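Notes for the one structure printed next.
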Amino acid sequence: MKRTVFITGATSGIGMATAKILASDYRLILCGRRQDRLNEIENELNKLTDVKTLQFDVRDKDAVFNAVESLDDEWKSIDILINNAGNAHGLAPFDEAELDDLISMIDINVKGLIYVSKAVIPFLKKSNNSHIVNISSIAGKEVYPNGATYCASKAAVESLSKGMRFDLLPYGVKVSNVAPGAVETEFSLVRFKGDKEKAENVYKGFDPLVAEDIANAIAYLLNQPEHVQLADITVFPKAQASGTNFFKK
């Protein structure tokens, strides 16, 4: 029987790309806020594997727990959790940033990951080959101007990954942290609140990563032998050397 993967933020970007790459080898539980997107990806991927979709916002604690609990017993045999859901809201000095933006980043990137993990871990502990993959960011390793709270939220993901690795060690649950650099997805469009020009300017002058690059990295770490745990992976495009250092043509 195929192992079962639970992916948050599966309706776009890295989450969707990961679902597509894993579909041939795993059963999929795909989660997101947009039911229409969930329906589309389910219709596409159910030709390759069994697919279950759950519609909820990771910020809503009750919705998260109710959605996971609603799964039939056959779908509660979850082996892999990919905590991918996350967003950046705004790019401004801390003192000028909109408070609602800062709250949203903590609610989604930190509290949402905690809610989903707490809901799913009881099932992972029953698996004999379980794995958690948390998607952080280079922003979790380095702080850059105008991104204080986003960087703080991703640093929290890094610490949660390390802490989970300690606490879940007795249960044989692997924990991996994946930190992408510049990836061209909806990320910048969301950060700049739909301003396409600003979003496109972020990636001008160099070849950024695409969602499939990170999905390939996730697939690679999942496909390691059972005794191998890749604890932390940072993925940059060739033109990037740090969180803020790029070679642009």
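A search for C-beta distances below 9 Å between a residue of segment 54-83 that is closer than 15 Å to residue 124 by Cβ and any residue that is at pLDDT below 95 and among the aliphatic types (A, V, I, L, M), counting only pairs 6+ apart in sequence or on different chains, returns 77/1. Sub-8 Å Cβ pairs linking a first residue in segment 147-160 that is at positive phi and at pLDDT below 95 to a second residue that is part of a loop (DSSP other than H, G, I, E, B) and crowded, with 24+ Cβ neighbours inside 10 Å, at least 6 apart or interchain, number zero.
Only one of 58, 5 is part of a loop (DSSP other than H, G, I, E, B) and surrounded by 23 or more Cβ atoms within 10 Å (Cβ to Cβ). Can you tell me which? I'd like the intermediate steps shown before the answer.
Details: 5 fails: part of a loop (DSSP other than H, G, I, E, B).
Every option except 58 fails the conditions.
Residue 89 falls short on exactly one of the conditions (1) in a strand (DSSP E or B); (2) touching a residue at least 60 places away in the same chain (Cβ under 8 Å), and that condition is (1).
Look at segment 103-121: where a residue is of a type in the set (Phe, Trp, Tyr) and at pLDDT 95 or above and a partner is assigned to a helix (DSSP H, G or I) and surrounded by fewer than 22 Cβ atoms within 10 Å (Cβ to Cβ), sitting 6+ places away or on another chain with Cβ atoms under 6 Å, you get 115/61.
Kindly indicate whether residue 24 is farther than 24 Å from residue 159 by Cβ, without any contact (Cβ under 8 Å) to a residue 40 or more places away in the chain, small (Gly, Ala, Ser) and part of a loop (DSSP other than H, G, I, E, B). Criteria met by residue 24. With the checklist (1) within 27 Å of residue 209 (Cβ to Cβ); (2) assigned to a helix (DSSP H, G or I); (3) of a type in the set (A, V, I, L, M) in hand, flag the one item residue 30 doesn't pass. Of (1) within 27 Å of residue 209 (Cβ to Cβ); (2) assigned to a helix (DSSP H, G or I); (3) of a type in the set (A, V, I, L, M), only one is false for residue 30: (2).
The values are calculated or read from the model by the stated rules, or taken from the named source; none is laboratory data. This one's a predicted model, so the numbers in the text were calculated from it and none came from an experiment. FYI the Cβ positions are ideal-geometry reconstructions off the backbone, even for glycines, and counts take in every protein chain you see.
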